[in-house]
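Okay, structure first, notes after.
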Amino acid sequence: MKFSEKLQARIKATRSALCVGLDPRPQSENLAELEAWLNQVVEETAPYTAAYKPNIAYFEAMGLPGLQMLENLLKNMPKDIPVILDAKRGDIGETQKYYAQAYFERMQVDAVTLNPFMGYDILEPFLGHEGKAVYLLAVTSNAGSADIERQVLANGRKVYQLVGDMVERAKAEGAATEVGMVLGLTNASGELLNELPDAPLLIPGLGAQGGDLSALTGGSRLAPPVINVSRGILYRDLDLSLAQRAEKYALQIREALSL
């Protein structure tokens with residue numbers, strides 16, 4: 001099964017395009033409690049979740065115990081819910097080959113975020129994995145995306161359209177791995193969507209970052225999007241249960257995307 005088919009099946013089953021970001025911030029030295037809490041997050045939010053997105057930086061910051069925690073968490077994930085590892089890797093071929101091996105073969109995640117700004121060859125070690133996907137940084141949610149990603153080239157095109165070209169190239173060359181893009185909701189617009197190929201989108205920026213879902217309405221894109229919420233579910237509205245927080249965002253997304 002292709003990654004997009006697995007994701008689309010989950011979206012259809014839940015009527016939700018919510019991606020729950022897993023960004024653990026230790027409040028004490030008791031990592032066992034943190035791991036138990038992360039498992040609770042997954043258990044309680046699963047009915048409203050199309051995908052999970054653990055950010056590897058938060059686990060790496062805890063050292064080897066954090067990486068072990070991540071591996072344990074991944075083993076316990078519901079098998080029908082895609083897992084997108086937020087790693088934003090981008091390096092030369094031999095190094096990138098081992099990143100692909102670590103994430104797709106050892107951790108067995110469904111998708112990985114990549115930084116494509118070293119060029120197309122950094123994608124290639126990831127492109128031979130059937131049923132997997134990569135999301136390329138195209139237009140991220142930070143203000144600094146204007147420094148490079150949204151710059152206008154001499155021919156009038158935008159830098160992020162070069163990332164779109166990589167997506168189209170991988171498809172034209174018959175890559176086994178699907179290639180999508182990261183589009184920050186805070187910088188999204190109908191015009192920008194029309195300038196990117198119809199490929200899976202990972203969309204951060206809803207909730208704490210203040211993104212507006214109306215930027216995604218309209219258009220005729222067919223590839224499945226997921227809208228990520230991390231802090232809004234993990235650390236805000238603490239008077240609500242985790243399930244209630246996830247349901248709140250899932251309903252907002254459902255209404256905006258007419259799911």
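The values are calculated or read from the model by the stated rules, or taken from the named source; none is laboratory data. If you're wondering where the values come from, they're calculated on a predicted model, not measured in any experiment. Positions of Cβ are backbone-derived with ideal geometry, glycine not excepted, and every protein chain shown enters the neighbour counts. Accessible surface is based on the protein model in full, side chains and every heavy atom, while ligands, DNA and RNA are left aside. Shrake-Rupley method; radii C 1.70, N 1.55, O 1.52, S 1.80 Å.
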Pairs with Cβ under 9 Å, 6+ apart, first in segment 9-26 and over 21 Å from Gly211 (Cβ atoms), second assigned to a strand (DSSP E or B): Arg10/Ala51; Pro24/Pro54; Pro24/Asn55
Within segment 183-196, is even one residue at pLDDT 95 or above, within 15 Å of the chain's Cα centre (by Cα), within 24 Å of Ala50 (Cα to Cα) and among the small types (Gly, Ala, Ser)? no
Cβ contacts < 8 Å: first residue within 20 Å of Glu71 (Cβ to Cβ) and outside any helix (DSSP H, G or I), restricted to segment 88-107; second residue open to solvent by 30 Å² or more (accessible area, probe 1.4 Å) and not aromatic (Phe, Trp, Tyr), any location; separation 6+ or different chain. Result? Lys88/Asn115; Arg89/Asn115; Met107/Glu71
For residues that are of a type in the set (Ser, Thr, Tyr) and touching a residue at least 40 places away in the same chain (Cβ under 8 Å), scanning just segment 220-257, find the one that is nearest to Glu44 (Cα to Cα). Ser241
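Consider segment 8-26. How many of its residues are open to solvent by 60 Å² or more (accessible area, probe 1.4 Å), more than 15 Å from Gly232 (Cβ to Cβ) and either in a loop (DSSP other than H, G, I, E, B) or in contact with a Leu (Cβ under 8 Å, 6 or more places away or on another chain) (or both)? Outline the logic, then answer.
Here is the first cut: in segment 8-26, the residues open to solvent by 60 Å² or more (accessible area, probe 1.4 Å) are 8, 12-13, 15, 25-26.
Those left that are additionally more than 15 Å from Gly232 (Cβ to Cβ): 8, 12-13, 15, 26.
With either in a loop (DSSP other than H, G, I, E, B) or in contact with a Leu (Cβ under 8 Å, 6 or more places away or on another chain) (or both) added as a condition, the list becomes 15, 26.
Qualifying residue count, segment 8-26: 2.
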Write out, first by first residue and then by second, each pair whose Cβ atoms fall under 7 Å of each other, whose residues are 6+ apart or on separate chains, and whose first residue, in segment 112-136, is open to solvent by 40 Å² or more (accessible area, probe 1.4 Å) while the second is of a type in the set (Lys, Arg). Asn115/Lys88; Asn115/Arg89
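Which members of segment 222-246 meet the condition of being open to solvent by 70 Å² or more (accessible area, probe 1.4 Å) and among the charged types (D, E, K, R)? Reasoning before the result, please.
Step one: of segment 222-246, the residues open to solvent by 70 Å² or more (accessible area, probe 1.4 Å) are 222, 231, 236, 238-239, 244.
Within segment 222-246, Arg231, Arg236, Asp239 meet the criteria.
Residues checked against (1) within 30 Å of Glu35 (Cα to Cα); (2) touching a Ser or Thr at 6+ places or on another chain (Cβ under 7 Å); (3) exposed (fewer than 13 other Cβ atoms within 10 Å of the Cβ):
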residue	(1), (2), (3)
Leu73	yes, no, no
Glu105	yes, no, yes
Val109	yes, no, no
Val152	no, no, yes
Gln161	no, no, no
Glu178	no, yes, no
Could you list, in sequence order, all residues of segment 112-152 that are part of a strand (DSSP E or B), under 14 Å from Pro204 (Cβ atoms) and of a type in the set (Val, Ile, Thr)? Thr113, Val139
Please specify each residue of segment 88-101 satisfying the condition of being open to solvent by 10 Å² or more (accessible area, probe 1.4 Å) and not polar (S, T, N, Q). Lys88, Arg89, Gly90, Asp91, Ile92, Gly93, Glu94, Lys97, Tyr98, Tyr99
Take segment 59-71 and flag every residue that is of a type outside the set (Gly, Ala, Ser) and surrounded by fewer than 20 Cβ atoms within 10 Å (Cβ to Cβ). Glu60, Met62, Leu64, Pro65, Leu67, Gln68, Glu71
Among the candidates Glu29, Glu44, Glu5, residue that is part of a helix (DSSP H, G or I), exposed (fewer than 13 other Cβ atoms within 10 Å of the Cβ) and charged (D, E, K, R): Glu5
